[in-house]
Each structure stands twice: as structure tokens, then as C-alpha cells.
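Shown next, in C-alpha cells, is the structure this report addresses.
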Amino acid sequence: MRSEQEDRTFWRMLRVSMLVLFLEAALALVLGVVFGETREPEPGEEGISAWSFVFFPFFTVFALLATAAVSAAVVAPSVLLGEAAGRRAGGRAGGQVGGRPLGWQLLLTGVACVLLWPFAGWRGWLVAWACLGVATAVARHARRGYFVRVLVWGTLVILAVFGLGGIGLWAGVIDS
């Protein structure tokens, strides 16, 4: 029988964290569409142009590379270092073997997001910490078959938000 540590690999964590980041981007896009419909367009503002379709494949490749870099540089190390810190702190705390690695993982993710502070301010740091914190919390459970579960449930959440947002727009509940 294989232990759960042997079943989880770095590559599985990387794939799951990349998927979570893509699902978060899709959710942000859906929320932007739902709440973007509630405001008046600026003069000369277009929704989609022909150039959007030309550059979409290049944007997709760039997004894939960016999520892979962020997952490999921030999410996976936060998971692994947080578990190591939890084991080390748990041994000294007495009685609790393993500690609480999720707290350490989220703390390490927040510390890594501090690099965004000069560029995006505290709001950008908070958004980055929330996005990467969710990716860290989900990626820490990456085992065989977990990718498909996250894909199915994440897609259902996005479709539910889109459907409820559409119903809210149609019913007039969501206003500008």
C-alpha cells in the first residue's frame, strides 16, 4: 500500500495549482462579464474586436507559461515548505504530530506576494494572496485523480455563477 505522500508528486501539485489559477481567471472573467453589463459603455469602447481573435492563441500560451512559473515559484514551494514547518513546529508543540501546515502554507504564500506590493499596492497584494492562497490550499491535496475532480467542480462553480448572474441581470436584481 502506498502512502499519501508517495501518491502526491510535485508535478501533480503543479498541474492542480495551474488549473486552479486558470479557474480563478475564468471566474474573474465571468464576474467581469456579468457586472460589466450593468454599466454604460464609454464612447468608442468595444467589447471584442477582430484583433482579439488573432491574439487569443498567443495570450493563451503566455497565460500557460505565467501560471506554470507562478505555480512552480510560489505555490508548490509554499506547500512543501509549509508542511516542513508544520512538522517542525508540531514536534515542539507537544502532542500534535504534523502541526498545522495550512497556516504555514498560507503565511508563506502571503510573504511571497509581498513582492507585488511596490507594483500593485496593498489591494494588489491582497488579491494575489487570495488567489494564490486558494491555489495553495487546493494543490496541497493533489493526488491521483484529483485534477479531474477540481476541473469538474470548478467548471460547475463557474457555470453556476454565470447562470445566476444571468438570471440576476434578467430579473433586474443586479443593477449598476
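Just a few scattered comments:
- Here Val70 passes the criteria (1) surrounded by fewer than 17 Cβ atoms within 10 Å (Cβ to Cβ); (2) hydrophobic (A, V, I, L, M, F, W, C); (3) at pLDDT 90 or above except the one numbered (1).
- Residue that is farthest from Arg140 (Cα to Cα), among those in segment 55-84 that are in contact (Cβ under 8 Å) with a residue 12 or more places away in the chain and of a type outside the set (A, V, I, L, M, F, W, C): Thr67
- Residue in segment 132-147 that is at pLDDT below 90, assigned to a helix (DSSP H, G or I) and among the basic types (Lys, Arg) present: no
- When Ala130, Ala139 are checked against the criterion of being under 19 Å from Leu29 (Cα atoms) and out of contact with any Leu (no Cβ under 7 Å at 6 or more places or on another chain), Ala130 stands alone in meeting it.
- Of all residues in segment 124-157, those satisfying the criterion of being surrounded by fewer than 17 Cβ atoms within 10 Å (Cβ to Cβ), farther than 18 Å from Leu108 by Cβ and among the hydrophobic types (A, V, I, L, M, F, W, C) are Phe147, Val148, Leu151, Val152, Trp153, Leu156, Val157.
- Verdict on Gly121 being within 20 Å of Ala28 (Cβ to Cβ), at pLDDT 90 or above and not hydrophobic (A, V, I, L, M, F, W, C): no
- Residue match in segment 39-60 (condition: at pLDDT below 90, surrounded by 13 or more Cβ atoms within 10 Å (Cβ to Cβ) and not in a loop (DSSP other than H, G, I, E, B)): no
- Meets criteria (of a type outside the set (D, E, K, R) and surrounded by 11 or more Cβ atoms within 10 Å (Cβ to Cβ)) for Phe162: yes
The values are calculated or read from the model by the stated rules, or taken from the named source; none is laboratory data. The shown structure was predicted, so the numbers you read here are calculated from the model rather than taken from an experiment. Backbone-built Cβ (ideal geometry, glycine too); neighbour counts: all protein chains shown.
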